[in-house]
1. Over the Cα atoms of the stretch 201-320, compute the convex hull volume and normalise it per residue, giving Å³.
2. With +1 assigned to the C-beta of every Lys and Arg and -1 to the C-beta of every Asp and Glu, and no other charges, what is the dipole magnitude of the chain about the Cα centre in debye, to the nearest 20?
3. Note down the magnitude of the dipole of the stretch 201-320 about its Cα centre, charges +1 on Lys and Arg C-beta and -1 on Asp and Glu C-beta and zero elsewhere, to the nearest 20 debye.
4. Which one, THR368, GLN290, SER304, is farthest towards the positive end of the dipole of the stretch 271-395 when Lys and Arg carry +1 and Asp and Glu -1 on their Cβ?
5. Give the angle, between 0 and 90 degrees and rounded to the nearest 10, that separates the Cα long axis of helix 330-343 from the longest principal axis of the Cα atoms of the chain.
6. Give me the mean projected area, in nm² to one decimal, of the convex hull enclosing the Cα positions of the stretch 188-263.
7. If I model a spin label at THR288 and LEU233 as a point 7 Å from the Cα along the Cα→Cβ vector, what separation in nanometres do I get?
8. Sticking with the crude label model, points 7 Å out along Cα→Cβ, report the distance from ALA376 to HIS258 in nm, one decimal please.
Amino acid sequence: MSRRLPGTGRRLTADLTEETVMSIAIDTDYLTSTLVDLVRINSVNPSLVPGAPGESEIADYVEQSFQDVGLDVARHESVVGRPSVVGRFAGMGGGRSLMLNAHYDTVGVVGMDDPFAARIDGGRLYGRGAYDMKGSLAACMAAVEGLQRDGIGLAGDLYVAAVADEEHSSIGTAEVTEQYEVNGAIVTEPTELDVCLAHKGFVWMEVRVTGRAAHGSRPELGIDANMHMGRILAHLEWLNRELADRTPHRFVGVPSLHAALLSGGTAASVYAASCDLTVERRTVPGETEQQVVGEVQAILDELSSGDPDFHAQLRTTLVREPFQVSIDAPIVRHVERAVTAVTGEEPIHSGQSPWMDAALLSAAGVDTVVIGPAGAGAHSDEEWVDLESVEKLAGILAGTAIEYCG
């Protein structure tokens, strides 16, 4: 059996053994031009920036690109104006199915100079979304283009899911996960080409303290909700210190919390009738929503028991589970071998602090791992992706698909 080295036109002859991963040549011109096109399309998430265009235009581009390389294409739009696009490289039957996942929505561009220029300088491509994560999507597309161009047949189906809304509520991956049953998935969030085996989750909670409004000159009538919230904040600070002393998770460290939003009161001369606090609690694998909410509820119960005028209510507004995959999972082993074949180095295992769509796929029973390109500047004023790492990622994805799908 023959194989091509990624990024070259050279073809080597080798048997596909346990030590050898079959690879293909990545068309760097196709890869770069695709990435340039993707970055030049404004796909800022309207849930983050009201009035932003969202994903419709970039979905049109990706849909046409998938069709151009011969994929079966489906468009999913459970929320109007927020489409995701899935391309299917049909297998011949008898193999495992694999999904390559990348989101194409971005955060806003305030503070950026020419965010959609897709400027290339010194091996880096600059622009909003280049790193997070249109470089990854371009790598997915180039991997499938190479498989198609080289006439590589897979036994199992290979899907490329270009999804909407990861930066806010992940409606894209949530919808795609319901529509497709796959054996394995590679979420291509940036990892510097490390093999990411875990990431943190989060729980958003809202605390409302109820007081009693009264004129500032009548303290005997008022109950200051803001003062009572101060007690809660002090206890949350102590809890956060305790979290920092817990045994760290091997890949993602310790959990944490912070007081994200705080509001209360109506005027300087009036006792605050209510005060609202939003708390974000970052979770590590092994922690549960019940445990996390229970820790905060215990604080409120303790404060209430000692003061009949203290009234606080807690509710959970959003939960995203942490993610963890076994180092022995088949998808992990295949990606490891592809990394070694493409880079010539042993893979590095890591974890990531941000939440990713990997958790949704894993929760659906899909064998999931995370690997993506190198770069910097996600959500910042200057964002760039390393083009060489994008090319290597494309080779890794193609090599993994060949072996995992059979």
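Just so you know, all these numbers are worked out from the coordinates, no wet-lab data involved. A quick note: this is a predicted structure, and the numbers were derived from the prediction, not measured. FYI the Cβ positions are ideal-geometry reconstructions off the backbone, even for glycines, and counts take in every protein chain you see.
1. 95
2. With only Lys, Arg, Asp and Glu charged at Cβ, the dipole is about 140 debye.
3. Result for the stretch 201-320 is approximately 320 debye, rounded to the nearest 20.
4. THR368
5. With both axes taken from Cα atoms, the answer is about 60 degrees.
6. 7.5
7. So the label points at THR288 and LEU233 sit 3.3 nm apart.
8. The modelled label-to-label distance comes out at 2.0 nm.
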